[in-house]
Amino acid sequence: MQADSFDVLQTVLKQRSGLAVTAEKSYLLESRLMPVTRKWRVKGLDDLVALVRSKSDERLLTDITEAMTTNESSFFRDGLPFEQFKSIVLPALMQRRSADKHLRIWCAGASTGQEPYSLAMTLREERARLQDWTVEILSTDLSTEVLGKAEAGLYTQFEVQRGLPITYLVKYFTQLGDKWELAGDIRQMVTHQPFNLLDDPTPLGRFDVVFCRNVLPYFDRPGRAAVLGKIAALIPADGVLFLGDNEAVLGITDRFKPAGGYRGIFQPQSASAGAAQTAAAASQAG
Ligand SMILES: C[S@@+](CC[C@H](N)C(=O)[O-])C[C@H]1O[C@@H](n2cnc3c(N)ncnc32)[C@H](O)[C@@H]1O
């Protein structure tokens, strides 16, 4: 691939999804965009870029962007966050929201649905305690392809073998040919919607809990700070954000702080409190 073709693809991806592709990772473009070159009947990436330049076709740009997303997910991924959700976050929020009995959860960058459905199954297991409650789960992703798969609720044998307790497989899935279909009442607990984290999420409303796990590593540092700032604006002071294992906020944003020593859980702090903290740390360091 020619250097200027790389520049064009790098710019398209940065502008449309926030994905930061470095020159060392340019081999990812070669491998992931091959199906797009076949679909658009061009010989290679230089020809694909020529097509981008000549046509600027929205579907072509979407194909390029979606082909570069990493959609890896699994049920109850990493285990602990879902345990923490059930045993720490949910009881605390239920106490604080006992007057209006309403909770809203957002899975941002939810890919093929395993994350929101893991939460839905967790909530279903807690239904005796959640009688009279309304719990909304919004699942969003940039890629309409993965959202389609999430909505269908059909998973392969391999997918249901990764992280899903066997008791849940028996209770909530039905075998359909070589796939497993998630029960309709669990699927109905989740609303799916396309949403690009580069856009303003204000219209989505406020959320008590946000899962944005294994999404931010694809953004560069300013991109991560921007996304976290937007999410912080939607979470009340007693709400929480779950990030992926080994994802941190330190040095990226002061709009969140770690929640009570629990790994991967963060609480929002007001812009002024965050700024004061940063200033104090800077003066200590200086
Ligand atoms: C690795 S998956 C993570 C799925 C799930 N959160 C988990 O932890 O298993 C990352 C997802 O982020 C989505 N994504 C990447 N950039 C995005 C953006 N700018 N806006 C919304 N979603 C994005 C990708 O399409 C992909 O499905």
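Things to note:
- Residue selected from the range 172-194 under the condition among the β-branched types (Val, Ile, Thr) and in contact with a helix residue (DSSP H, G or I) (Cβ under 6 Å, 6 or more places away or on another chain), by the criterion nearest to Thr140 (Cα to Cα): Val190
- Hits in the range 107-147 (condition: surrounded by fewer than 16 Cβ atoms within 10 Å (Cβ to Cβ), among the β-branched types (Val, Ile, Thr) and more than 16 Å from the ligand (Cβ to nearest atom)): Thr134
- Pair list, Cβ < 8 Å and 6+ apart or interchain, from the range 71-92 residues that are within 16 Å of the ligand (Cβ to nearest atom) to residues that are of a type in the set (Asp, Glu) and in a helix (DSSP H, G or I): Ser73/Glu115; Ser74/Glu159; Phe75/Glu159; Arg77/Glu115
- For beta carbons closer than 6 Å, sequence separation of 6+ or different chains, a first residue in the range 240-254 that is closer than 20 Å to Trp106 by Cα and a second that is part of a loop (DSSP other than H, G, I, E, B) and aliphatic (A, V, I, L, M), the qualifying pairs are Val240/Ala259.
- Within the range 142-160, the only residue that satisfies the criterion of being free of Cβ contacts under 8 Å to residues at least 60 places away in the same chain and acidic (Asp, Glu) is Glu151.
- Filtered residues of the range 110-135 (kept if more than 14 Å from Thr191 (Cα to Cα) and touching a residue at least 60 places away in the same chain (Cβ under 8 Å)): Met121, Leu123, Arg124
- Boolean, Leu197 is within 30 Å of Lys230 (Cβ to Cβ) and touching a helix residue (DSSP H, G or I) at 6+ places or on another chain (Cβ under 8 Å): yes
- Complete set of residues in the range 166-206 that are among the charged types (D, E, K, R) and at positive phi: none
- Subset of the range 148-159 (residues that are within 14 Å of the ligand (Cβ to nearest atom) and of a type in the set (A, V, I, L, M)): Ala150
Throughout, read-outs are computed from the coordinates displayed, never taken from laboratory work. This is a predicted model, so every value here is computed, not measured. Neighbour counts are summed over all protein chains in view; Cβ atoms, including those assigned to glycine, are modelled from backbone coordinates with ideal geometry.
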